[in-house]
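Let me begin by presenting the structure, written as structure tokens, before commenting on it.
Bear in mind that the values in this text are calculations on the coordinates, not laboratory data. Only a predicted model underlies this, so the values are computations on that prediction, with no experimental measurement involved. So basically every Cβ, Gly included, is an ideal-geometry build from the backbone, and we count neighbours across all protein chains shown.
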């Protein structure tokens, strides 16, 4: 499994979106164990925005996300909730605005229909880079969000510091 | 059944077709069999029994029901009969609210007993919600609408909405090239919500 990752990815900070955890649970014989093993073998910790943690809570018991063991993943240490980004930081807020515009355009909606919280992934990615991370691997099942975050970071001084991995592809690769 | 071959505009054919589609959308086992045959072309009862893992008597009687409904054809020319599907599309217009049912919706419904997320959706919110969710899953699967926007406009608990979108994404991937009327399905990207209740 380790050869799946290049050197950059092994040393990157991995920021992970809600949909990856849901997609793991939806697979036959859910794939949490595979995801955990993947994190452990590569000594990675998946960083999730508080927003993602909140989204995963409160799903109906009988649904896939209602059975997502996110809390035990956090207790085991392979998932961690990011500190709240500093929204007054000008780079953070500019990147968030850019992601909002990108998503509005690509989804054919007005910008006022895109919530600030929709851009939490970008804010956490910028904060990590400003705090010294070399590189970000963003894993999401949301193609729009993935492309939007990468474009916004590249436009704001972080060219070649982030890549986006499709969550469905990652699950296929690790199982 | 011969109503499928009658001239367009025939009221008898239209109403019988409506009833056939309604019947498929009431019985997920029939729905699943119909789209299985549509995806696989000419199939025998043996194939149906083997691939869908249902008893032979059920396969026979369900296939016969679908032939009677006019949505499957049975080829009796050879010793071993084969079944093929008649692609169906039905446009409903209720006081201006329009929706086109195509085999993709029938496949989504047929999967529901094996998919807890779709099953729960239909149980709690009805078949109409499944059809509505499909209009969001289409742009979502293509990367033309963000997961969060689609989930919010679907107005379900967020993570659960994502699970439904992901379930329908699988349906779309399997049906897109098989459903001849796929492009007639409504796409929520084209129609931003008119009210402010999406925020």
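Over the Cα atoms of the protein assembly as shown, compute the convex hull volume and normalise it per residue, giving Å³.
153
Which whole-number percentage describes the relative contact order of the stretch A:14-73, with Cα contacts under 8 Å and a sequence gap of 6 or more?
Relative contact order comes out at 42 percent.
Where does helix A:143-155 land angle-wise versus the long Cα axis of chain A, in degrees 0 to 90, nearest 10?
With rounding to tens, the tilt is 50 degrees.
Taking every residue in B:186-193, how many Cβ atoms of other protein chains lie within 10 Å of its Cβ, on average?
Whole-number average of other-chain Cβ neighbours for B:186-193 is 2.
Ranked by Cβ crowding within 10 angstrom, fewest neighbours first, how are A:99, B:37 ordered?
Arranged by neighbour count, lowest to highest, A:99, B:37 become B:37, A:99.
Note the angle between two axes, namely the Cα long axis of helix A:32-41 and the longest principal axis of the Cα atoms of chain A, as a number of degrees from 0 to 90, rounded to the nearest 10.
Long axis of A:32-41 versus the principal axis of chain A: about 70 degrees.
Is the shape of the stretch B:59-199 rounded, prolate or oblate, going by the alpha carbon gyration tensor and its root eigenvalues a ≥ b ≥ c, with a/c under 1.5 for rounded and a/b larger than b/c for prolate?
Because a/c hits 1.5 or more and a/b exceeds b/c, the stretch B:59-199 counts as prolate.
When DSSP assigns beta bridges and you keep just the ones with both residues in the protein assembly as shown, what percent turn out antiparallel, to the nearest 5?
Approximately 40 percent, going by the DSSP bridge assignments.
Quote the relative contact order of chain A in percent (integer), defining contacts as alpha-carbon pairs under 8 Å separated by 6+ residues.
Relative contact order of chain A: 29 percent.
Only Cα pairs under 8 Å and at least 6 apart count here; give the relative contact order of the stretch B:28-93 as a rounded whole percent.
After rounding, I find 37 percent.
Where a ≥ b ≥ c are the square roots of the eigenvalues of the C-alpha gyration tensor, would you call the stretch A:1-92 rounded, which needs a/c under 1.5, or, failing that, prolate if a/b is larger than b/c, or oblate?
oblate
Using only Cα atoms and rounding to the nearest 10 degrees, what angle (0 to 90) does helix A:90-107 make with the longest principal axis of chain A?
Taking Cα atoms only, the helix is inclined about 80 degrees.
Report, as an integer, the average count of C-beta atoms from other chains found within 10 Å of each Cβ along A:60-72.
Whole-number average of other-chain Cβ neighbours for A:60-72 is 5.
Given the -39500 (n - 2.57) contribution per DSSP H run of 4+ residues, what per-residue ellipticity at 222 nm results for chain B, rounded to the nearest 500 deg cm²/dmol?
Result for chain B, helices only: -17000 deg cm²/dmol.
Report, as an integer, the average count of C-beta atoms from other chains found within 10 Å of each Cβ along A:142-148.
Per residue, the average neighbour count from other chains is 6.
Where does the stretch A:38-175 land on Rg/Rh, using Cα atoms and the Kirkwood Rh?
0.96
When a/c reaches 1.5 or more, the comparison of a/b and b/c decides; with that in mind, is the stretch B:1-127 rounded, prolate or oblate per its Cα gyration tensor?
Note, shape of the stretch B:1-127 comes out oblate.
Assuming 0.36 nm per residue, please report the length gained on full extension of the stretch residue B:77 to residue B:50 beyond their Cα-Cα distance.
Additional length available on full extension: 7.5 nm.
Compute the projected area of the convex hull of the Cα atoms of the stretch B:82-155, averaged over all viewing directions, and report it in nm² to one decimal place.
About 6.7 nm², averaged over all directions.
Where does each of A:11-19, A:53-61, A:101-109 land if you order them by average Cβ count within 10 Å, highest first?
A:11-19, A:101-109, A:53-61
Using per-residue counts of other Cβ atoms within 10 Å, averaged over each peptide, order B:48-57, A:30-39, B:98-107 from highest down.
B:98-107, A:30-39, B:48-57
What ratio of Cα Rg to 2.2 N^0.38 Å holds for the stretch B:58-99?
Scaled against compact globular proteins, the figure is 1.65.
For chain A, with a Gaussian network of springs between Cα atoms less than 10 Å apart, report the residue from A:50, A:113, A:94 with the top mean-square fluctuation.
Residue with maximal mean-square fluctuation among A:50, A:113, A:94: A:113.
Tell me the Rg and the Dmax, in Å, that the Cα atoms of the stretch A:39-100 produce.
14.7, 42
Suppose each label sits 7 Å from its Cα in the direction of the beta carbon; what would the residue B:60-residue A:50 distance come out to in nanometres?
A separation of 6.5 nm, rounded to one decimal place.
Taking R0 as 30 Å, what FRET efficiency do you get between residue B:92 and residue A:169 from their Cβ-Cβ distance, rounded to the nearest 0.05?
Efficiency, from the Cβ-Cβ distance: 0.20.
Within 10 Å, count the other beta carbons around each residue, average over each peptide in A:80-92, A:128-140, and list them highest first.
A:128-140, A:80-92
With springs only between Cα atoms under 10 Å apart, run a GNM on chain B and tell me which of B:18, B:130, B:30 wobbles the most.
Maximum fluctuation in the GNM of chain B, among the listed residues, is at B:18.
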